[in-house]
Structure formats: C-alpha cells, structure tokens
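Readers should treat all values here as calculations from the given coordinates under stated rules, not as data from a laboratory. Everything numeric in this text was worked out from a predicted model, so none of it was measured. Here the Cβ is made from the backbone with ideal geometry for all residues, glycine too, and neighbour counts use every protein chain on show.
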Amino acid sequence: MKERQYVVDELTLKDTWRMFHILAEFVEGFEVLPEVYPAVTIFGSARIRPQSTLYKTTESIARMLVENGFNIISGGGPGIMEAANKGAAEAGGKSVGLHIQLPQEQQPNPYANVRLAFKYFFIRKVMFIKYAVAYVIMPGGFGTLDELFEALTLIQTKRIRSFPVVLFDSTYWNGLVGWLKKTLLKKKTISEPDLNIFQVVDKPEELIEIITKTVVV
C-alpha cells in the first residue's frame with residue numbers, strides 16, 4: 001500500500017511541475033503570434049516530397065496568400081508544411097512554423113522565419129486556431145484530420161468565430177465528404193448546415209477567392 005502511495009505521489013509531483021512547462025508554452029505563443037496577424041494556417045501531410053505536384057501547388061497557394069496580404073502558419077515540419085513555409089518566405093511574408101517535438105518523422109523545416117517549438121499538441125492546436133483567419137486543409141493523414149475536425153467542432157458549437165475552412169483536392173476529400181453525408185447526416189448525428197462549415201476546391205484561385213472575399217485584411 002505504501003509503495004502504491006509513493007507511485008501516486010510521484011506522478012502527482014510530476015504533473016504539478018508539468019504545469020509550469022505548459023504555462024511557458026502558452027505564454028511564448030501569446031507573446032509572439034499576435035505579430036503575424038492576419039494569418040492563414042495550412043495543414044497537410046509531412047510525407048509529401050518536394051518534387052511532387054502537391055508540394056509545388058502548396059508553395060503556390062502560400063505565395064498567393066502572402067501577395068494578398070496574409071501571413072502563413074504551418075506545423076513547421078516537412079512535406080506540405082515545408083511547402084507552405086517556403087512559399088510564404090519566398091514571397092516576403094511571415095512564415096510561421098509551430099513545430100511539435102516528436103521522436104520521429106518531423107524535423108523543423110528551414111523556411112520558417114518565425115518558429116516556436118511545442119511539446120504538447122493541445123497547446124499547439126490552440127495557437128493554430130487562435131491566430132488564424134482561415135484554414136487550408138491539403139491532403140494529409142491523422143494529424144491533418146485531427147486539425148480539420150477540431151476546427152469544424154469549434155465552429156459548429158460556436159466556441160470560436162466562423163472562418164473559412166477550405167479543403168483542397170476533391171479527389172482526395174470526396175470519400176470523406178460522401179461518408180459525412182451518407183452516414184452522419186443520414187443518421188442525424190450532424191445537421192445539414194454543418195456541411196456548410198467547410199468547402200472543397202480544386203484550384204488555387206478558387207481557394208484564394210474564398211478567403212479574400214470572406215476575410216477583410
């Protein structure tokens with residue numbers, strides 16, 4: 001019994017000290033990121049290679065957004081995140097990388113000219129949401145889906161202001177959108193207006209038009 005109590009006390013002590021690290025990450029984000037407003041956050045797979053069409057398209061989207069008065073926020077890693085930071089930096093915009101410390105796969109890309117490192121995913125997600133005026137969702141995996149549905153849920157429940165959530169590449173996203181309609185909507189676990197929270201496009205120009213018409217810089 002005493003041994004078990006010791007383990008519990010040790011875990012509690014670690015949790016107490018962990019709060020200081022959590023607070024420090026929040027403070028750093030709150031101090032740095034107001035300077036990048038207005039910013040568009042771009043999500044997508046870390047596994048997309050620089051020679052791919054999708055990488056080059058993401059570069060172009062980021063560049064066009066900067067030319068229209070926006071800065072760019074990404075997860076700071078490779079793949080789509082790197083393309084977003086590269087396009088923004090080369091266009092002369094603030095190119096923000098919110099890097100997450102992981103044991104594998106994600107290393108910081110060299111194109112972010114504003115960089116923050118996070119240990120905790122939930123703090124990083126707060127920064128993505130709080131300092132974005134729009135979300136661009138490129139093809140990606142679990143992490144991309146996590147960020148997408150976080151935004152959809154917060155907008156649906158009116159916990160944050162509504163802003164453009166734009167999914168790029170209908171051939172990638174149509175299966176998911178079809179499932180939402182055929183399963184969730186049919187079972188009435190979401191409502192028809194919930195499907196209007198996001199839009200799906202295939203051309204960078206469409207994406208830019210949606211954001212520039214909705215967001216006043």
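Taking amide H positions as modeled 1.01 Å from N, with prolines and chain starts lacking one, the residues under 5 Å from VAL165 and 5 or more places away or on another chain are TYR135, GLN199. Among 55-66, 73-84, 143-154, sorting by the average number of other beta carbon atoms lying within 10 angstrom of each residue, highest first, gives 73-84, 55-66, 143-154. Quick one: if you stick a label point 7 Å off each Cα along the C-beta vector at TYR120 and VAL32, how many nm between them? Spacing of the two 7 Å Cα→Cβ label points: 1.7 nm.
The 3J(HN,Hα) values that the Karplus relation (6.51, -1.76, 1.60; θ = phi - 60°) gives for the range 77-86 are, in residue order, x, x, x, 4, 4, 5, 4, 5, 5, 5 Hz. Gly and Pro appear as x.
Report the semi-axes of the equivalent ellipsoid for the chain in whole Å, largest first, where each axis is √(5λ) for an eigenvalue λ of the Cα gyration tensor.
Details: eigenvalues 187, 108, 57 Å².
The answer is 31, 23, 17 Å, longest axis first.
Sorting THR41, THR183 by the number of Cβ atoms found within 10 Å of their own Cβ, with the fewest placed first, yields THR183, THR41. A Gaussian network model of the chain, with springs between Cα atoms under 10 Å, assigns the largest mean-square fluctuation among ARG47, ARG161, ARG18 to ARG18. Calculate, in nm to one decimal, what LYS187 and PHE20 gain on full extension: separation in residues at 0.36 nm each, minus their alpha carbon distance. Computed gain between LYS187 and PHE20 is 55.7 nm. Amide H contacts of ILE73 (H built 1.01 Å from N, in plane; Pro and chain starts excluded): VAL40, THR41, ILE42, VAL96 sit under 5 Å, all sequence-distant by 5 or more or on other chains. In a reduced charge model with +1 at each Lys and Arg Cβ and -1 at each Asp and Glu Cβ, the chain shows a dipole moment near 560 debye about its Cα centre. Exposure proxy for ILE48, ILE155: other Cβ atoms within 10 Å of each Cβ, ordered fewest to most, give ILE155, ILE48.
Here LYS86 is the anchor, and the aspartates and glutamates within straight C-alpha reach of less than 17 Å, apart from those fewer than 8 places off in the same chain, are GLU59, GLU67.
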